[in-house]
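All remarks here apply to the structure that follows.
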Amino acid sequence: MDWNRTIRQVHRWLSIIFTATVVANFVAMGLGEPPLWVVYSPLLPLFLLLFTGLYLFALPYAAIRRGAPMDTTELNDRHGRSQVPGREA
């Protein structure tokens with residue numbers, strides 16, 4: 001199992017869930033006084049986004065510290081051409 005890819009995918013889905021809860025919160029506020037569970041519903045995805053985001057932020061720094069070569073697979077376009085100037089794929 002590739003943990004980096006899994007956490008990246010979880011982070012993406014959490015951002016969608018967080019956005020949906022914030023939109024639902026504004027809709028509920030437009031209709032009147034929303035219940036507390038609606039007001040606080042974005043907090044759980046927000047905290048999970050914080051932890052997954054911090055992990056993803058630290059990945060390149062941890063790789064440099066370990067001396068691992070930089071993974072450039074995400075820097076290549078769909079045809080395999082490098083998007084980094086001066087670097088071939």
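Structural size metrics of segment 1-66, computed from C-alpha coordinates, are Rg and Dmax of 15.7, 54 Å.
Taking THR19, THR52, THR6 and ordering them by how much accessible surface each has at a 1.4 Å probe, largest first, produces THR19, THR6, THR52.
The values are calculated or read from the model by the stated rules, or taken from the named source; none is laboratory data. Everything numeric in this text was worked out from a predicted model, so none of it was measured. The area values use the complete protein model at the heavy-atom level, side chains included, leaving out ligands, DNA and RNA. Shrake-Rupley method; radii C 1.70, N 1.55, O 1.52, S 1.80 Å.
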